[in-house]
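What follows is a single structure, written as structure tokens, with notes after it.
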Amino acid sequence: MTRAWILPMLLLVCGSLVATMLAVRGFPGAAVPLLLMFVLLAGLNSPLTFPRSIGAVEAQRRSAVDGRPIVYWRAGCTYCLRLRIRLGRSARRLHWVDIWRDPAGASVVRAANHGDETVPTVVVAGRPHVNPDPEWVRAQLSRST
């Protein structure tokens, strides 16, 4: 299991334990919504919420060809999730690099952030932007196509 799945699995296990405890104590009506909330939180914090990640080298190659921004992210990052949700369907048109799965991506982020792995870092035309406004990213995406 990779680091990206630790938080979602922990949420599922904790939610299951709490819901089971509530159900055993005679509160099944409270257990079901609580379990659903934990499942939703686990899903939102999992890599499944994001488009398929590619390697940093491949993302840079594709971005050079089509001009689309590259988003460096990691699972469990609240700001990455905010960016992903606010971009909606247009998020699929970006190049996503999971820095926990790609060491080259992590080094790009560290180089852009003075040694820190601050995400999301969006690279547009070779310039990094740390935690940019989702509307700005959408505007950059519309310029590239």
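The values are calculated or read from the model by the stated rules, or taken from the named source; none is laboratory data. Model, not experiment: these values are computed from the prediction. So basically every Cβ, Gly included, is an ideal-geometry build from the backbone, and we count neighbours across all protein chains shown.
Where residues in region 24-58 are among the hydrophobic types (A, V, I, L, M, F, W, C) and touching a Phe, Trp or Tyr at 6+ places or on another chain (Cβ under 8 Å), which of them is farthest from residue 119 (Cα to Cα)? Per the criteria, the residue is 54. Residue count for region 36-57 under the criterion of being buried (at least 19 other Cβ atoms within 10 Å of the Cβ) and either assigned to a helix (DSSP H, G or I) or touching a residue at least 60 places away in the same chain (Cβ under 8 Å) (or both): the result is 4. Answer yes if at least one residue in region 2-13 is in contact with a helix residue (DSSP H, G or I) (Cβ under 6 Å, 6 or more places away or on another chain), under 23 Å from residue 132 (Cβ atoms) and of a type outside the set (Lys, Arg), and no otherwise. Yes; the residues of region 2-13 include at least one that is in contact with a helix residue (DSSP H, G or I) (Cβ under 6 Å, 6 or more places away or on another chain), under 23 Å from residue 132 (Cβ atoms) and of a type outside the set (Lys, Arg).
With respect to the conditions (1) at pLDDT 95 or above; (2) exposed (fewer than 12 other Cβ atoms within 10 Å of the Cβ), residue 28 falls short on a single one, namely (1). Would you point out the residue of region 124-134, among those that are more than 14 Å from residue 80 (Cα to Cα) and in contact (Cβ under 8 Å) with a residue 40 or more places away in the chain, that is surrounded by the most Cβ atoms within 10 Å (Cβ to Cβ)? Checked region 124-134; the qualifying residue surrounded by the most Cβ atoms within 10 Å (Cβ to Cβ) is 124.
Let's see how each residue does on (1) at pLDDT below 95; (2) under 25 Å from residue 125 (Cβ atoms); (3) in contact with a Ser or Thr (Cβ under 9 Å, 6 or more places away or on another chain):
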position: 16; (1), (2), (3): no, no, no
position: 40; (1), (2), (3): yes, no, no
position: 49; (1), (2), (3): yes, no, no
position: 66; (1), (2), (3): yes, yes, yes
position: 72; (1), (2), (3): no, yes, yes
position: 87; (1), (2), (3): yes, yes, no
position: 90; (1), (2), (3): yes, yes, yes
position: 104; (1), (2), (3): no, yes, no
position: 108; (1), (2), (3): no, yes, yes
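You will find that of 86, 92, the residue that is in contact (Cβ under 8 Å) with a residue 12 or more places away in the chain and out of contact with any helix residue (DSSP H, G or I) (no Cβ under 9 Å at 6 or more places or on another chain) is 92 and no other. Counting only strands (runs of 3 or more DSSP E) that sit completely within region 58-145, those holding 1 or more residues that are within 12 Å of the chain's Cα centre (by Cα) and either in the same structural domain as residue 10 (by TED's automatic domain parsing) or aliphatic (A, V, I, L, M) (or both) correspond to 70-73, 95-98.
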